[in-house]
């Protein structure tokens, strides 16, 4: 057997340390080189003489096997010859890659020994006949042992935007059936309902398939007996990709089983002049989609058999999986279906209003003599959104002094932070920033939301439990609800309740500091919360021994209060004196030296010494073990603390400490929302949570139920789950109003109903 190994260029890596077999070593370039260009490739080798070719790094994988992602395809056999693997030289900098690298090495050895071959051998088929569908479904009912894997193929990502093409079911290893929905009659649907009721259901991305099946086929599942292999994998490795395809490549022997589908998709789009983003699965021939979909469920079935026993062995991980992720996903699924209520007419009018504001803002920009000079010299109209033109005007025509910040490509940055600093030198950067901010609101939100509204005037988007390693919720899809502008109420003002209802929002107050006080056991810090006063004023009063009443600190000593605030939040994110100095200086407008910041930080930790000891102990634990657990048992794996790069290692430590605090705040908010929803439903109140934003819970509530709902929400959010300060539950702020801005929309924009009507009339 002949084996070749191809890497980018000559290097010091001893591949024989990783591969205990003989191989011919080839370099794509004969000279040492960091960045490989096409002209540098001078390798001439007959690969037909080799049984296997190991491709090290992205360059070799792309050149010889057309592999675009070594991460996803590492250790996979392509075209019966090529096997890609990441460069082991990177492992000293990014130790997080060691498990995947070792897994890929193990697979390579198994391929070479003949112990492993990609296989799609099994009992896979598509069903388009009603009788055959009934026969298979009865077979499932008679033979399934405890659980059944389900999957759907659809024409859209949201139930209301498309339909279900087919269902896949699997009840044993290397078996699956894809049933076209067109052949399902009422008997078939009843059989499916019985399967959903009688057996444990396993999904991959439960929230998607569950909603699709329920909405289109009116099939519900026993919520106490559902599993999700995507959530299981997140519990086992929060740092990795959780998609079905990467997991199949990594943990099963199915290999690149959907390659035929991918090929069809690419060829179809190329021949029809279609973008791949516009491709829908109803364009795929039945025989192609049937094979792919059947194996999808077989992969899900196999992954469940691998992952679930591992989670069961660890009580902490099992609690996180069952009580946070499964229950949380079911709650989010219902919350997403409520939808975010949008006042369509107000948003339309706001769009027209922004057109006027953007035009006015641009006129200000065009009024500057330097801009006029640029247009005269260049012979074209200045575009405020052109980064290159903006650099020319700011630094060549105006001669402003840049702070040195660069983009990822090494170019001079003109982002919001830079423009804010440059505004101290000249008014043009502020005018540019105004144009950008107004345009972002219009383009990112209003003009994307309006076309996506459902017939009931609501927008339904995604809320995700596993898109962050810390456990904090994220949002994606039609509308990113986690990034609603805070400083501008225009979007919040368009999230509005219909007549007879109110928007109720509740925020946890200084949640992360509260839970830092709980976790650290710092009694002095806990006393700050027990006092009930303004948190940052109380901190400043205690730390700096200010000669006034706590209630007077904000007025008499604003800089000291700001310093206390910057230190409180900064220490949880690893901020040093330099960062605190910058934060306070910006907030107060007065220079706050690094030396003063150092003294204040020292005084802070003198007062809250147990907090300091806790932070130091967490740092030591993470550095020694490479992981940490949250209060509720989330495991945060931090392998890069062992990196040879000190910057990477330090960042990993900060991430671990942040995760402990952030995850507790996020989990408590989620537990509060779930408990509230359960109690509200039990009491039959007309109240529906439709959004979780950071540390807030937002609901649509019938007028007559508002008072009771607010009491229930507060009580459930402040429930003692073992992480509360005795006698001082976490503080909450509740707002009630007709829209989510709670009056600020009209206040800022003066867009009352009469003016909205006039704008629309134009």
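Considering region 561-611 alone, what residues qualify as being touching a residue at least 40 places away in the same chain (Cβ under 8 Å), crowded, with 19+ Cβ neighbours inside 10 Å and not in a helix (DSSP H, G or I)?
608
Counting only residues that are part of a helix (DSSP H, G or I) and either in contact (Cβ under 8 Å) with a residue 60 or more places away in the chain or closer than 20 Å to residue 244 by Cβ (or both), how many does region 259-280 have? Walk me through how you get there before you give the answer.
Kept after step one, since they are part of a helix (DSSP H, G or I), are these residues of region 259-280: 259-272, 276-278.
Subset that is either in contact (Cβ under 8 Å) with a residue 60 or more places away in the chain or closer than 20 Å to residue 244 by Cβ (or both): 259-266, 276-277.
Of the residues in region 259-280, 10 are part of a helix (DSSP H, G or I) and either in contact (Cβ under 8 Å) with a residue 60 or more places away in the chain or closer than 20 Å to residue 244 by Cβ (or both).
Quick grid of which residues meet (1) in a loop (DSSP other than H, G, I, E, B); (2) touching a residue at least 60 places away in the same chain (Cβ under 8 Å); (3) touching a helix residue (DSSP H, G or I) at 6+ places or on another chain (Cβ under 9 Å); (4) assigned by TED's automatic domain parsing to the domain that holds residue 472:
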{"residue": "631", "(1), (2), (3), (4)": "yes, yes, yes, yes"}
{"residue": "636", "(1), (2), (3), (4)": "no, yes, yes, yes"}
{"residue": "658", "(1), (2), (3), (4)": "no, yes, yes, yes"}
{"residue": "673", "(1), (2), (3), (4)": "no, yes, yes, yes"}
{"residue": "679", "(1), (2), (3), (4)": "no, no, yes, yes"}
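Given the conditions (1) assigned by TED's automatic domain parsing to the domain that holds residue 172; (2) surrounded by 16 or more Cβ atoms within 10 Å (Cβ to Cβ), and given that residue 305 satisfies all but one, which numbered condition is not satisfied?
(2)
Spot the failing condition for residue 554; the list is (1) in contact with a helix residue (DSSP H, G or I) (Cβ under 6 Å, 6 or more places away or on another chain); (2) without any contact (Cβ under 8 Å) to a residue 60 or more places away in the chain; (3) crowded, with 20+ Cβ neighbours inside 10 Å; (4) part of a helix (DSSP H, G or I), and only one is missed.
(3)
Would you mind finding the one in 177, 223 that is over 23 Å from residue 277 (Cβ atoms), in contact with a helix residue (DSSP H, G or I) (Cβ under 6 Å, 6 or more places away or on another chain), touching a residue at least 60 places away in the same chain (Cβ under 8 Å) and surrounded by fewer than 18 Cβ atoms within 10 Å (Cβ to Cβ)? Show your work before the answer.
Details: 177 fails: surrounded by fewer than 18 Cβ atoms within 10 Å (Cβ to Cβ).
From the options 177, 223, the qualifying one is 223.
Within region 412-420, identify whether any single residue is in contact with a strand residue (DSSP E or B) (Cβ under 8 Å, 6 or more places away or on another chain), in a loop (DSSP other than H, G, I, E, B) and surrounded by 15 or more Cβ atoms within 10 Å (Cβ to Cβ), and answer yes or no.
Residues of region 412-420 in contact with a strand residue (DSSP E or B) (Cβ under 8 Å, 6 or more places away or on another chain): 412-413.
Next, from what is left, pick out any that are in a loop (DSSP other than H, G, I, E, B): 413.
Now restrict to residues that are surrounded by 15 or more Cβ atoms within 10 Å (Cβ to Cβ): 413.
Within region 412-420, one or more residues are in contact with a strand residue (DSSP E or B) (Cβ under 8 Å, 6 or more places away or on another chain), in a loop (DSSP other than H, G, I, E, B) and surrounded by 15 or more Cβ atoms within 10 Å (Cβ to Cβ).
Could you list, in sequence order, all residues of region 276-302 that are out of contact with any helix residue (DSSP H, G or I) (no Cβ under 7 Å at 6 or more places or on another chain) and surrounded by fewer than 16 Cβ atoms within 10 Å (Cβ to Cβ)?
277, 278, 280, 282, 285, 286, 287
Is there a residue in region 428-435 that is part of a helix (DSSP H, G or I), within 18 Å of residue 490 (Cβ to Cβ) and touching a residue at least 40 places away in the same chain (Cβ under 8 Å)?
The first filter runs over region 428-435 and keeps only residues part of a helix (DSSP H, G or I), leaving 428-435.
Still in the list and also within 18 Å of residue 490 (Cβ to Cβ): 433-435.
Of the ones still in play, those that are also touching a residue at least 40 places away in the same chain (Cβ under 8 Å) are 434-435.
Yes, some residue in region 428-435 is part of a helix (DSSP H, G or I), within 18 Å of residue 490 (Cβ to Cβ) and touching a residue at least 40 places away in the same chain (Cβ under 8 Å).
The values are calculated or read from the model by the stated rules, or taken from the named source; none is laboratory data. Nothing here was measured: the structure is a model prediction, and the numbers come from that model. FYI the Cβ positions are ideal-geometry reconstructions off the backbone, even for glycines, and counts take in every protein chain you see.
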